[in-house]
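Structure first, then comments.
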Amino acid sequence: MELTIYNTSGAETGKKVTLSDEIFGIEPNDHAIYLDVKQYLANQRQGTHKSKQRNEVAGSTRKLKRQKGTGGARAGSIKSPLFPGGGRIFGPVPRDYSFKLNKKLKRLARKSALSYKAKNELITVVEDFTFEAPKTKAFIALTENLRLGGKKLLVVMPETNHTVSLSARNLGNIKVIPASNVNTYDVMNAGAILLSEGSVNVINEMLA
C-alpha cells in the first residue's frame, strides 16, 4: 500500500511511502485485538482496593448476649458482618490484575489494529517535523492543515520528541507516542493516525 507524504502545511511533497502488506494489509484477528486490549486495560489497574474483614475492624470481642432464652438469633461478636460497623463478607483485597500473553499474539493484535486503520483510510503520513518551542497553537495549525482537526488523533513519532509532546499535551483528543510504543489499545482508540515519515521504518522493523 502506497500513501502520499504531506508536509506540515498540508501540501503533497511529491514523495510516497510504502506500507508493508505484512503489517498494514493482513486479515485482522478480532480475538487477538480483544485479548491485547484486555491485557492493556488490566495493567492500568492498581488493584489496591481493600475492605476490612471481621478480624480487622475495631470492636469488643465479648459475647453480646446469652446464647439462649432471648428469643433472638445467636450473636457472638459486635464485629460480625451482620451488625453495622462489622467486617465485610468476602470484600475486595489487593490483587494483581495483569496476565501474560504470547509475543506472537501481541504482534498479531498490533498488525490487526493497524490493518483496520489502513483499510478504512484513517492513516496519514507527514514528513518528519518538530517545533522550535512547545506551542499548542502550532500543533493545532498542523492538524488543521492536514484536515485532521477535531479528530481523536494518535500521532506516531520516530522517537520521543518532548517539544511535540508538550505542544499536544493540553489537547485532550490527541496523544503523541514514539513508534516503539505503538500498542493495540491506542491504535483502536484513535479516530485517525498521523504517522511521521521516519516512524514507518521503525514500525516495519518492530513488527516484521
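The values are calculated or read from the model by the stated rules, or taken from the named source; none is laboratory data. Source: prediction; values computed, not measured. Note: ideal-geometry Cβ built from the backbone for every residue, glycine included; neighbour counts use all protein chains shown. Note: areas computed on protein heavy atoms with side chains; ligands, DNA, RNA excluded. Shrake-Rupley method; radii C 1.70, N 1.55, O 1.52, S 1.80 Å.
Observations
- Hits in region 1-26 (condition: open to solvent by 40 Å² or more (accessible area, probe 1.4 Å), in contact (Cβ under 8 Å) with a residue 60 or more places away in the chain and under 28 Å from the mean Cα position of the chain (by Cα)): M1, Y6, T8, E22, G25, I26
- Test result for L194, assigned to a strand (DSSP E or B), buried (at least 21 other Cβ atoms within 10 Å of the Cβ) and not aromatic (F, W, Y): yes
- The set of residues in region 167-188 being in contact (Cβ under 8 Å) with a residue 60 or more places away in the chain and under 18 Å from N204 (Cα atoms) consists of V182, N183, T184, V187.
- Scanning region 135-176 for residues that are in a strand (DSSP E or B) and buried (at least 18 other Cβ atoms within 10 Å of the Cβ) yields a count of 7.
- Residue pairs whose Cβ atoms lie under 7 Å apart, separated by 6 or more positions or on different chains, with the first residue in region 138-166 and touching a residue at least 40 places away in the same chain (Cβ under 8 Å) and the second part of a loop (DSSP other than H, G, I, E, B) and of a type in the set (D, E), are P158/D128.
- Reported count of residues in region 88-121, each being crowded, with 17+ Cβ neighbours inside 10 Å and part of a loop (DSSP other than H, G, I, E, B), is 0.
- So S77, is it of a type in the set (S, T, N, Q) and not in a loop (DSSP other than H, G, I, E, B): no
- Scanning region 17-42 for residues that are more than 10 Å from M1 (Cα to Cα) and not hydrophobic (A, V, I, L, M, F, W, C) returns E22, E27, P28, N29, D30, H31, Y34, D36, K38, Q39, Y40.
- Residue that is farthest from the chain's Cα centre (by Cα) [pool: residues in region 160-192 that are small (G, A, S) and within 14 Å of F129 (Cβ to Cβ)]: S167
- Taken over region 122-134, the residue count meeting the criterion of being part of a loop (DSSP other than H, G, I, E, B) and buried (at least 20 other Cβ atoms within 10 Å of the Cβ) is 0.
- Exclusive hit being modelled with pLDDT under 95 and assigned to a loop (DSSP other than H, G, I, E, B), set G59, G14: G59
- The sole residue among T48, T61, T70 that is over 17 Å from the mean Cα position of the chain (by Cα), among the hydroxyl-bearing types (S, T, Y) and within 30 Å of N102 (Cα to Cα) is T48.
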